[in-house]
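Worksheet: one structure, shown below.
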Amino acid sequence: MKTFIKYILVIVIAAGIIFEVGSPLWSRTAAAGAADDAANVAARDYFDSRSLDSARVAATSAAAIRGSTLTSIVLLDDGSIKVTVHRPAKSYVLHHISALKNWYNVSASSTAPPIRA
């Protein structure tokens with residue numbers, strides 16, 4: 001019986017470590033995908049409307065669908081759109097450690113050229 005409890009305890013600890021370390025990695029991947037989607041949508045919208053405000057609304061919506069928040073949108077000199085999104089990583093323990101806070105505040109940027117719809 002003691003061996004069974006030890007195995008269960010080891011499995012629970014391993015699962016906790018995998019979750020705490022894997023969550024930021026998963027969030028970085030998801031934020032990168034959200035940034036790509038938001039940049040593409042914003043570039044397409046800006047090409048059609050020539051309105052950065054309209055492109056911002058479209059990018060905000062695209063980022064929100066992927067669970068991220070649009071933090072900035074910039075029109076570059078060559079007509080490309082650069083967006084930055086934020087997505088917090090879930091954590092139960094490690095995000096309370098000040099040295100690791102940035103690990104759990106995930107952001108990603110992406111740039112898209114003008115895209116014709």
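Laid out as a table, the results:
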quantity: Yes/no for Asp36 being among the acidic types (Asp, Glu), modelled with pLDDT of 90 or more and under 12 Å from the mean Cα position of the chain (by Cα); calculated: yes
quantity: Where Arg56 falls short, out of the listed (1) buried (at least 17 other Cβ atoms within 10 Å of the Cβ); (2) at positive phi; (3) of a type in the set (Lys, Arg); calculated: (2)
quantity: Filter result (assigned to a loop (DSSP other than H, G, I, E, B) and farther than 17 Å from Asp45 by Cβ) within the range 79-117; calculated: Ala89, Lys90, Ser91, Tyr92, Val93, Ile97
quantity: Candidate set: the range 62-71, residues that are crowded, with 19+ Cβ neighbours inside 10 Å and not in a loop (DSSP other than H, G, I, E, B); chosen: the one farthest from the chain's Cα centre (by Cα); calculated: Ala62
quantity: Criterion (touching a strand residue (DSSP E or B) at 6+ places or on another chain (Cβ under 9 Å) and surrounded by fewer than 14 Cβ atoms within 10 Å (Cβ to Cβ)) met by exactly one of Val41, Val74, Val10, Val21; calculated: Val74
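The values are calculated or read from the model by the stated rules, or taken from the named source; none is laboratory data. All values derive from a computational prediction rather than experimental measurement. We place every Cβ from the backbone using ideal geometry, glycine too, and count neighbours over all the protein chains shown.
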